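Below is one structure, written out as structure tokens; the observations come after it.
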Amino acid sequence: MGFCPNCGKKVADNAAFCENCGAKLADFAVHSSEEKQTQTTSQSGTYDATPTAQGQSGTYSAAPQSAQQGNYDATPQTVQTQTNYEQGLQYQKPELKLNKKVVGIILAILVLVGVGVGAYFYIDKQNRTVNIEDYVKVDFTGCDGYGEAKATLNDEFVEKINELAEKKEDSVSSKLATELGETFAGSAGKLVAASIHLSCDPDKNLKNGDSITVTWNKAIAKKIADTYNIILTGEKKKVKVKGLDKVKEVDPFAAVTVEFSGIDGFIKANIVNKSTEDYLKTAYFHFDNGGMTAYNLKVGDSLTVTVDEVGDLTSKGIKYKTTSKTFTVEGADRYAAALTDLQEASVEKMKAQAMDVLESRGEDDDDFTYAAWDYVGDYILVRKNVSEYGTNNYVVLVYKGKVTYHDDYKNKDYHKTVYVPVVFQNVLVKTDGSNSFDETSARIDFHSMSVHDYIYYRYGYENLRDIYKAQIKANKAEYNSDMSDAFSSFND
């Protein structure tokens with residue numbers, strides 16, 4: 001067992017290096033041998049152990065041994081030589097420049113190895129780390145103020161996951177898909193992108209400049225990371241809303257009209273949609289009754305048409321200015337309700353037809369002859385409760401004439417003044433103010449009157465008052481009336 005000349009620690013016999021400081025012991029052995037040889041040679045001279053007056057050391061003579069043979073003590077020389085060798089071995093300080101260089105090289109190698117290993121693991125970790133925030137894509141649809149946001153993971157994310165998961169068997173992805181309730185179609189990236197479930201807050205009624213936050217299911221992200229041995233990072237992503245178009249307000253009724261047909265009181269209304277835009281062509285316009293047709297209407301009635309949106313128009317950048325519009329029933333024929341509703345041309349036409357009827361009636365009766373028919377006046381009867389298929393008004397023209405009855409037995413003529421009403425029914429006032437009526441419907445009311453004794457004329461009245469009483473006053477409960485001056489004096 002010896003000692004390390006460099007650090008002084010014990011070293012084993014035949015050791016090549018010091019276990020404590022790593023010094024190479026062979027270098028020190030060379031120096032020790034040279035030193036021992038020098039000491040042996042020097043001590044072959046005479047050694048005088050007698051102290052001198054100046055100090056305690058003995059006198060050493062370098063003369064050859066033969067010259068000092070009588071004064072040489074072998075024993076002290078042997079002991080002295082051994083002692084000087086051990087002291088030289090123990091306290092000799094060899095040069096350490098080479099040893100420090102070796103130590104530095106070893107330490108440098110160890111550092112490089114450590115750095116290399118650390119760099120490997122660091123780079124590997126970085127390569128397997130995916131920050132979800134870097135791959136979030138947000139699409140904005142709709143219009144400003146009504147926009148919607150939808151977040152997805154882009155194609156680069158899908159490719160990245162596919163790359164990191166390429167060494168995994170498809171069975172791993174299939175199992176994961178089953179656990180997450182998804183479908184695996186051969187792409188781990190698409191599976192992961194669909195499973196993380198991105199959500200936007202808020203996601204509706206957005207306007208340009210708004211800020212939304214995109215988040216994802218971190219529990220699912222962790223499960224995915226564990227399955228594919230990857231690292232999914234990121235907490236959330238803030239995104240500014242942009243690119244939303246301004247809202248375009250449109251009038252849905254610009255090409256919508258209501259057509260009316262029929263007679264006042266029984267008017268039918270139909271909604272006509274002539275819009276060319278697809279979203280308006282397919283829109284449902286309806287009356288308050290829920291249908292596109294309304295019945296039994298009168299002129300002046302109000303009808304409200306409402307439009308229901310088809311789909312979400314705001315997502316297309318469209319907004320209705322209004323969803324309802326009121327229409328007034330107009331443009332339909334109506335029953336004449338007063339004498340003023342009769343145009344002069346219509347009255348003249350009626351008069352001509354009335355004369356034809358009177359003359360034709362005279363030809364049908366051989367017992368009577370007629371002469372000098374004069375127009376006296378007119379009146380109109382209007383049903384209070386009109387009926388769609390009944391007679392709702394009567395326009396009556398009254399004529400005065402002379403009827404003659406010839407008694408063949410007595411060979412004598414009997415003359416009588418007679419008032420005959422000629423009736424037209426369901427006279428209409430058209431939208432242009434003209435009148436419409438069925439001329440062939442003109443008739444003479446059946447009413448008998450005495451001409452002489454028991455001779456009766458079947459179609460007339462003796463005076464205007466009798467007509468007023470029988471036709472106007474008697475029907476007052478069911479009909480409103482309007483009459484010319486010839487009858488107004490009887491109105492009591």
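Values in this text are rule-based calculations from the coordinates and carry no lab data. For clarity, every value in this text was computed on a predicted model and none was experimentally measured. Cβ coordinates were reconstructed from backbone atoms using ideal geometry, including for glycine residues, and neighbour counts include every protein chain displayed.
Side notes on the structure shown:
- Spin-label pair CYS21-VAL272: with each label point 7 Å from Cα along the Cα-Cβ axis, the two points sit 11.7 nm from one another.
- Selection from THR314, THR293, GLN343, by position along the positive dipole direction of the stretch 290-382 (Cβ): THR314
- Trypsin sites (Lys or Arg not before Pro) restricted to DSSP loop in the stretch 295-349 with at most 13 other C-beta within 10 Å: LYS321
- Here the simple spin-label model places points 7 Å from the Cα toward Cβ, and for THR328 and LYS476 these points are separated by 3.5 nm.
- Selection of chymotrypsin sites (Phe, Trp or Tyr not before Pro), the stretch 342-432, meeting DSSP coil and at most 16 other Cβ within 10 Å: TYR389, TYR409
- Additional length obtainable on full extension of the chain from ASN411 to GLU309, 0.36 nm per residue less Cα span: 27.9 nm
- Inter-site label distance for ALA219 and ASP155 at 7 Å from Cα along Cβ, in nm: 3.4
- At R0 = 45 Å, FRET efficiency that the Cβ-Cβ distance of ALA254 and ASN491 yields, to 0.05: 0.30
- In loop segments of the stretch 176-241 as defined by DSSP, the GluC sites (Glu not before Pro) with at most 14 further C-beta atoms inside 10 Å of their C-beta are GLU235.
- Using a Förster distance of 22 Å, the FRET efficiency for MET355-PHE446 (Cβ separation, nearest 0.05): 0.70
- Gained length - GLU344 relative to LYS242, 0.36 nm times residue gap less alpha-carbon distance: 29.6 nm
- Net charge in the neighbourhood of VAL158 (other residues with Cβ under 12 Å of its Cβ; Lys, Arg +1, Asp, Glu -1) is -1.
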